Amino acid sequence: MIKDSLRSLTSFIQLNLKFIFNFSQKKTLIFNFPREQVAKKDINYIQDLFKDLEKKYLVVYIHKIKNQNLNLKNKYYMHQYLLKFIFNVDFFVSNYISDFFPFKSKKIYIHHCITDSPLTDIKKNNEIAARFYCYNYILINSKFVKKYFNQILSEYCKKFKKKNTYQVIDVGYPRIDYLLKKINLKNKNKSIIIAPANFIAFKNFSLINDLEFIIDNLLKFFSLKVIFRPHPQNRKDILTENFKFNERFAFLNKYQNDKRFIFDTSDNYLKNYSESKLMISDLYVTAFTFAFLTNNPVLFFSNNEKKFQRLYNTFEHFKLRSKTGIVCNKKKLFLRNMNKLIKNKKNFSSLIKLEKKRLTQLSNAKKNIKNFFEKI
């Protein structure tokens, strides 16, 4: 704890000196990774995104990852509250919500979801809108996501009598642009991957309570490998400090000697996505990232579909499920839906390719974001 604090304080002093005595006279830009659990999977695409900007801007990266062997240059480990005391920062950027910002910086948020997926329980809309309201610019990837942000922010401004001080701009989706260039689909169709949403944030809609049922049936009735990839923010909820399964997930121990079962906590999901014939998910937005990357369908396991429909039926995310796969709302339909998905995989792939065309800025995000910084 003391060691981490000293490391953070050292970074804070070094960074302030770097920006105060900015001999290059370049505009300064901080990219912040506020969440340790999800940062590692984003490092490669974020560095690629800002690579060209480094010619004109002094770009540094702030993180909370205790492992120092990061493939990240100009990196600084720092406690988030110290951001308030960093000066001479022109642009502050993050792809997850930050709550602390450098003094007088332009604050820019790059949205990390490919659809208008609900970011938290709908009851907390005002809470999350208040945090987004702190940003000057919100960069999104489609008209549906733009509609979502404009809605929650305008409702927040109206309720709390705030002025509209933000802009929501469609620039494309840099994550998928980067991954489409990197993915190798030559060895696909080896596995089925299970990727649930954060079950702490979405207790009512997570498939996690039926996980044992799903894995048992996949191993029994299908010959493919079964990959369970928990949400990065749930790894600590599943594993103990000794990397053993905690009591709630003790049932996973019975699969450890099964060569067809893989428990995936890697930081890079590209390999396992590329080799998977299909995905099983719930309301997790990664289902659409998987579908658009691989053109393979998704089984949306929805154990509380009536409530989900009541709360989210106006979301494009809700409608897109039936265009990229099948919604399974009863356990007794699981095997039938799985077989239907596999049998009609080509038809679903054609539908997915059509839906992907609605991402009008596909492959343009890097160029659009570069142009955005030049304009502001």
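Things worth noting here:
- Volume per residue of the C-alpha convex hull in the chain, rounded to whole Å³: 147 Å³
- Counting only residues at least eight positions apart within a chain, or on another chain, the lysines with an alpha carbon under 17 Å from that of Lys367 are Lys51, Lys55, Lys56, Lys181, Lys375.
- At full extension, Asp121 and Lys143 could sit 5.7 nm farther apart than now, given 0.36 nm per residue minus the alpha carbon distance.
- For a straight C-alpha distance cut-off of 13 angstrom, the aspartates and glutamates reachable from Lys84 (same-chain residues fewer than eight places away being disregarded) are Asp99.
- Simple label model, 7 Å out from Cα along Cβ direction - Asn209 to Phe87, nm: 5.4 nm
- Once the Cβ-Cβ distance of Thr314 and Ser350 is raised to the sixth power relative to R0 = 22 Å, the FRET efficiency obtained is 0.25.
- Modelled FRET efficiency - R0 45 Å, Lys375 with Ile200, Cβ distances, 0.05 increments: 0.70
- Short-range pairs are left out: with C-alpha atoms under 8 Å and at least six residues apart, the relative contact order of the chain is 15 percent.
- Cross-link table Lys40/Lys353; Lys26/Lys73; Lys188/Lys307, entries beyond 27 Å C-alpha to C-alpha: Lys40/Lys353; Lys188/Lys307
- For the chain, the longest principal axis of the alpha carbon atoms and the long axis of helix 2-20 meet at an angle near 50°.
- Net charge of neighbours whose Cβ lies under 14 Å from the Cβ of Phe12, counting Lys and Arg as +1 and Asp and Glu as -1: +4
- With the convex hull constructed from alpha-carbon coordinates only, the stretch 97-171 shows a mean projected area of 4.9 nm² over all directions.
- Taking 23 Å as the limit for the C-alpha separation, the pairs Lys124/Lys147; Lys186/Lys370; Lys225/Lys323 exceed it in the case of Lys186/Lys370; Lys225/Lys323.
- With both labels modelled 7 Å from their Cα along Cα-to-Cβ, the Leu9 to Gln37 distance reads 3.0 nm.
- Extension gain for Lys307 to Lys367 (0.36 nm times residue separation, less C-alpha to C-alpha distance): 17.6 nm.
- Helical mean residue ellipticity (222 nm; -39500 (n - 2.57) per DSSP H run of 4+; nearest 500) of the chain: -11000 deg cm²/dmol
- For peptides 256-269, 337-350, 41-54, 139-152, sequence by mean Cβ density within 10 Å, most packed first: 139-152, 41-54, 337-350, 256-269
- One quarter of the surface of the convex hull around the alpha-carbon atoms of the stretch 184-356 equals 9.9 nm², the direction-averaged projected area.
- Centroid-to-centroid separation of the stretch 274-346 and the stretch 1-27 [C-alpha atoms, Å]: 46 Å
A short reminder: the numbers here are calculations on the coordinates, not readings from a lab. Just so we're clear, the structure is a prediction, and the values are computed from it rather than from any experiment. Every residue, glycine as well, gets a Cβ built from its backbone with ideal geometry; the counts of neighbours run over all protein chains shown.
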